[in-house]
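This report refers to the structure that appears directly beneath it.
Read-outs throughout are calculated quantities, based only on the coordinates presented, and are distinct from any laboratory measurement. This structure is a prediction, so every number in the text was calculated from the model and none was measured.
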Amino acid sequence: MAVGIRVTNGANDISAIVDWKSIDLSMLLTKEKGTLTFDVLAPKSPTLPTHIPDIGSVIYVFNTTTIGSEQKLFGGTVVGRQVVNDGGVLLRYRISCQDWGFTFDAKLVKKTYTAQDPQAIVQDIVTNFAGAGFTTANVQLGGFLVSSVKYNYEMPTKCIEHLANQIGWEWFIDVNKDLHFFAPNAVTANAPFVIDDTSGHINWPTLDIDVDISNIKNSVYVIGGTYTKDFENPPGAGQFAPVDVYTSVAGTFVYQLAYPYDIATMVVKLATVTQTLG
């Protein structure tokens, strides 16, 4: 086995007919489906090569990092195929794939979940609505209950995304069709390979380092934010100066405040008499 990239259509190796310069693989850690596009070159006649991908074909991409060893980089389904006359005696098949998120959305979810741990909700969606072969080994236990979520004929990936957004979590489906659903601070895994100048995992001419100081500032003002401040008058006297002072008007019960206050430390006085808040 040579070191490099290997592409298969199911169990059939089609690396020999792939135009390597056309490969574009986008793998996303969270929220969206990963995509793969590549071109297959085939003679026009007399017969086409076997195993040219078609709509619905299952495509795998492997990284053969060492002789006799490889890592699966992508698994998914062909969702588009375009045939282009490339001139001469070749036809160019432009293949578009989506990762397992495409087959994960096999059914629409119509169900209400009440007072359940997010792990239980995700596991139920995978069990009852996702396509075949998906697992939940990496769905994290929340340790808290989601009061209520309702899905009305929505795709499973959209349901998972909605739940993740609601509780501030992340999710993705790996190349082995296992769903990962987790709190962001729970990610501790390292990159699948080391990027250095000896292992051959990086194309050094593509390295681009950009240093930009145009946005350096000595002071930053946050407009619309809040902060805690003690107002004293005079400083050190222990007597807090009133920040908002109004002359009361008979029949007026609402006064516009200049600053937001924490009611736990707020004091209102009327003619030196402290008033009840709440």
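Identify all lysines with a Cα-Cα distance to LYS269 below 26 Å; exclude those on the same chain that are fewer than 8 residues away in sequence. Hits, sequence-local ones excluded: LYS229. Per-residue 3J(HN,Hα) values for segment 208-215, derived from phi via the Karplus relation 6.51 cos²θ - 1.76 cosθ + 1.60 with θ = phi - 60°, read 9, 9, 10, 10, 9, 10, 5, 9 Hz in sequence order (x marks Gly and Pro).
Structure note, pairs LYS33/LYS158; LYS72/LYS107; LYS72/LYS110; LYS150/LYS177; LYS110/LYS158: Cα-Cα distances above 22 angstrom occur for LYS72/LYS107; LYS72/LYS110; LYS150/LYS177.
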